[in-house]
1. Most mobile of Glu194, Glu319, Glu283 per a Gaussian network model of the chain (Cα springs, under 10 Å)?
2. Mind checking the full-extension length gain between His232 and Ala245? Use 0.36 nm per residue of separation minus the Cα-Cα distance, one decimal, nm.
3. If N is the number of residues in region 132-256, what value comes out of its Cα radius of gyration divided by 2.2 N^0.38 Å?
4. Apply the Karplus curve 6.51 cos²θ - 1.76 cosθ + 1.60, θ = phi - 60°, to the phi angles in region 347-360 and return the couplings in whole Hz, x for Gly and Pro.
5. Express the relative contact order of the chain as a whole percentage, based on alpha carbon pairs under 8 Å and six or more residues apart in sequence.
6. Taking 0.36 nm per residue of separation and subtracting the Cα-Cα distance, what length does fully extending Ala307 through Val370 add?
7. Of the cross-linked pairs Lys169/Lys201; Lys247/Lys385; Lys84/Lys186, which ones have a Cα-Cα span greater than 24 Å in the structure shown?
8. Where nothing but the Cβ of Lys and Arg (+1) and of Asp and Glu (-1) is charged, how large is the charge dipole of the chain around its Cα centre, in debye to the nearest 20?
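Values in this text are rule-based calculations from the coordinates and carry no lab data. Just so you know, these numbers come straight off a predicted model, no measurement behind them. Positions of Cβ are generated from backbone atoms using ideal geometry, with glycine treated the same way; all protein chains shown enter the neighbour counts.
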Amino acid sequence: MTSAQPLDVEPTPLALLLLGRESDPASERGVDCPGDLPAPSDPDLVERARAAKEALGDRVFVLGHHYQRDEVIQFADVTGDSFKLARDAAARPEAEFIVFCGVHFMAESADILTGDDQRVILPDLAAGCSMADMATAEQVAEAWDVLTDAGVAGDTVPVSYMNSSADIKAFTGRHGGTICTSSNAKRALTWAFERAGDNGKVLFLPDQHLGRNTAVRELGLTLDDCVVYNPHRPNGGLTVEQLRAAKMILWRGHCSVHGRFSLESVREVRERVPGVNVLVHPECRHEVVAAADHVGSTEHIIATLDAAPEGSRWAVGTELNLVRRLANRYADQGKEIVFLDRTVCFCSTMNRIDLPHLVWSLESLAAGKVINRIEVDRETEHDAKLALERMLALP
């Protein structure tokens, strides 16, 4: 069985390919929909990567995010989501080099949590994150001024998603807030509201969907308790009255991959696959999460499918590389796993970490040349670490 069959996805229409960009006009930077995953690299590179890694030995520790290509993930010493990988890096103080096969904000977090004598390498510096880029330090500082002018900053605690830049994590640390992941967002928000007091609010950065879904589904807030701050509009597009009445001030950001899944995607897959269980990531839109059968972080998705009974059917709303890998892993157990969207769509920035870039990184390190080092300045690191440590201390 090929990967295309269990995923049951359709190539992007030829008309889209004729645009010359091989992309879906509904997508944005960070998402490509060319009709297939990138072709594997030259197989000779596999031997070169293996030889370079063996030459480095314990001096190198390779981290692989779940959304990486198969050809890259095979060389990872550990796999996981962004925060698990950063913690794994911090737990390997003997490793001189940390090669992070992920995106930029993940490598920044690893640099913040590892020792000063360790060096974090990102194989391709262009591997960014469109969600993280949706909140800049300047925009967030301006938003805080808006909250101050409205008289609510003193009652507001910032909570920033792990998928944010070091600058945003530092802002969060300076203003008494914490970081969260998709698996501990409920605990982080509960802590923040307790810290904020009876009239308190949370400024949630930068993913509006995770903030909204957690507040409404897990904390019992309503959609009316949430407002969206748009950094591209004066005062965030909100009135003073709206800011004062809100409990959750959500930044207008989202994951460009998870944001593509729609209510129509859920309806269509239920018609196409009888008895299907819809399993989605909480970065999806609220209406998608509300229509799903199961919702959870990347690690939760993997655990759910691992525990699923043989013969069960699943439509999964998360990044395509991981869904394809899981579909292949459980095919011999009779578990049918399909991609929630009929259009092939993957995170192109994550896919920039390909085998040629990994080989270049490893061979350069083996030759004594450090390339593409990710280094967070001391002041930013100090403040960002405060926010990360508050998350680690969450009950």
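1. Result for the chain, Cα springs under 10 Å: Glu194 fluctuates most.
2. 2.5 nm
3. Dividing the Cα Rg of region 132-256 by 2.2 N^0.38 Å gives 0.92.
4. Karplus-based 3J(HN,Hα) across region 347-360 equals 7, 6, 5, 4, 6, 5, 7, 10, 5, x, 5, 5, 4, 4 Hz.
5. Worked out over the chain, it gives 25 percent.
6. Values: separation 63, 0.36 × 63 = 22.68 nm, distance 4.19 nm.
Separation in residues times 0.36 nm, less the Cα-Cα distance, equals 18.5 nm.
7. Cα-Cα > 24 Å for Lys247/Lys385; rest within.
8. Dipole size: approximately 560 debye.
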